[in-house]
1. Is it the case that some residue within region 25-32 is in contact with a Gly (Cβ under 6 Å, 6 or more places away or on another chain) and farther than 22 Å from Val129 by Cβ?
2. Working only within region 74-129, note down all residues that are of a type in the set (D, E, K, R), farther than 14 Å from Leu9 by Cβ and not in a loop (DSSP other than H, G, I, E, B).
3. Within region 76-92, can one find any residue that is of a type in the set (S, T, N, Q), surrounded by fewer than 21 Cβ atoms within 10 Å (Cβ to Cβ) and modelled with pLDDT of 95 or more?
4. Please state which one of Gln164, Gln149, Gln142 is surrounded by fewer than 12 Cβ atoms within 10 Å (Cβ to Cβ) and over 28 Å from Ala31 (Cα atoms).
5. Regarding region 42-54, can at least one residue be identified that is more than 20 Å from Ala158 (Cβ to Cβ), surrounded by fewer than 17 Cβ atoms within 10 Å (Cβ to Cβ), among the charged types (D, E, K, R) and touching a residue at least 24 places away in the same chain (Cβ under 8 Å)?
6. Could you list, in sequence order, all residues of region 161-181 that are among the hydrophobic types (A, V, I, L, M, F, W, C) and at positive phi?
7. Going residue by residue through region 25-44, is there one that turns out to be within 28 Å of Gln164 (Cα to Cα), in contact with a Phe, Trp or Tyr (Cβ under 6 Å, 6 or more places away or on another chain) and outside any helix (DSSP H, G or I)?
8. Scan region 57-65 and give yes if some residue there is assigned to a loop (DSSP other than H, G, I, E, B) and surrounded by fewer than 17 Cβ atoms within 10 Å (Cβ to Cβ), otherwise no.
Amino acid sequence: MSRNHDRVLILHGWGGSDAPHWQAELASRIAQSYGTVSFPLLDNCHFPSKNRWVRQIRQLLHDFKPTTVVCHSLANTVWLWLCEEEMDTVERLFMVSPPSLTTQVETIKSFFPCPLPPRLYAKEVQMIVSEDDPYITIDEAQRLAQHYQIPLLTLPNAGHINAQSGYGKWELIENLVLEKR
């Protein structure tokens with residue numbers, strides 16, 4: 001599939017990913033090259049509800065019909081919940097900084113514990129984590145990647161791979177998402 005026909009859905013985590021976060025930069029870069037992108041603000045992002053986010057993203061998947069999905073943080077957890085039911089398969093899924101499946105943060109407790117569905121409904125999956133992410137250990141990220149037999153890229157000292165850890169414009173993800181085939 002040519003990338004100029006790619007439909008990219010970017011899903012943020014808890015609290016959103018507005019500028020200068022790399023997801024906002026990626027959405028802008030896709031739009032600047034006349035790409036098709038959807039970067040919605042999910043419902044009540046600072047105090048999210050798993051059921052509302054699952055419903056909202058399921059509707060986005062139905063209406064937008066993405067070929068590529070880029071998840072950051074809590075959006076990865078929602079993707080796993082969505083995969084508990086049959087859904088359309090996307091071409092590519094990028095899982096950046098997924099939190100531990102047993103995260104115990106009070107504000108987002110409705111999302112956890114999170115199951116490991118039988119499949120991820122994506123033809124290609126790339127997981128990217130940081131060696132010092134406060135929300136997941138490298139061991140757990142490796143087990144998750146091994147479970148789904150997907151590639152895992154580990155960045156040194158990148159925190160939660162967000163604006164707070166210096167990830168505004170991020171060339172690596174832009175190149176991965178915008179690569180031409």
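1. Checking region 25-32: not a single residue is in contact with a Gly (Cβ under 6 Å, 6 or more places away or on another chain) and farther than 22 Å from Val129 by Cβ.
2. Step one: filter region 74-129 for residues of a type in the set (D, E, K, R), giving 84-86, 88, 91-92, 106, 109, 119, 123-124.
Among the residues that remain, those that are also farther than 14 Å from Leu9 by Cβ are: 84-86, 106, 109, 119, 123-124.
Residues satisfying the conditions are Glu106, Lys109, Lys123, Glu124.
3. At the first step, the residues of region 76-92 found to be of a type in the set (S, T, N, Q) are 76-77, 89.
Within this subset, residues satisfying the condition of being surrounded by fewer than 21 Cβ atoms within 10 Å (Cβ to Cβ) are 89.
Adding the requirement that they be modelled with pLDDT of 95 or more leaves 89.
The answer is yes; a qualifying residue exists.
4. Working: Gln164 fails: over 28 Å from Ala31 (Cα atoms); Gln142 fails: surrounded by fewer than 12 Cβ atoms within 10 Å (Cβ to Cβ).
Result of the check over Gln164, Gln149, Gln142: Gln149.
5. For region 42-54, residues more than 20 Å from Ala158 (Cβ to Cβ), surrounded by fewer than 17 Cβ atoms within 10 Å (Cβ to Cβ), among the charged types (D, E, K, R) and touching a residue at least 24 places away in the same chain (Cβ under 8 Å): absent.
6. The initial filter retains those residues of region 161-181 that are among the hydrophobic types (A, V, I, L, M, F, W, C), namely 161, 163, 170, 172-173, 176-178.
Within region 161-181, Ile161 is the sole residue that qualifies.
7. Within region 25-44, the subset within 28 Å of Gln164 (Cα to Cα) is 25-33, 35-44.
Keeping just the survivors that are in contact with a Phe, Trp or Tyr (Cβ under 6 Å, 6 or more places away or on another chain) gives 27, 38, 42.
From what's left, outside any helix (DSSP H, G or I): 38, 42.
Yes, there is a match, as at least one residue in region 25-44 is within 28 Å of Gln164 (Cα to Cα), in contact with a Phe, Trp or Tyr (Cβ under 6 Å, 6 or more places away or on another chain) and outside any helix (DSSP H, G or I).
8. First pass over region 57-65, keeping only residues assigned to a loop (DSSP other than H, G, I, E, B): 65.
Narrowing the set further to residues that are surrounded by fewer than 17 Cβ atoms within 10 Å (Cβ to Cβ) leaves 65.
Scanning region 57-65, I find at least one residue that is assigned to a loop (DSSP other than H, G, I, E, B) and surrounded by fewer than 17 Cβ atoms within 10 Å (Cβ to Cβ), so the answer is yes.
The values are calculated or read from the model by the stated rules, or taken from the named source; none is laboratory data. In this text the structure is predicted, and so the values were computed from the model without any measurement. No Cβ is skipped: glycine too gets one built from the backbone with ideal geometry, and neighbour counts run over all protein chains shown.
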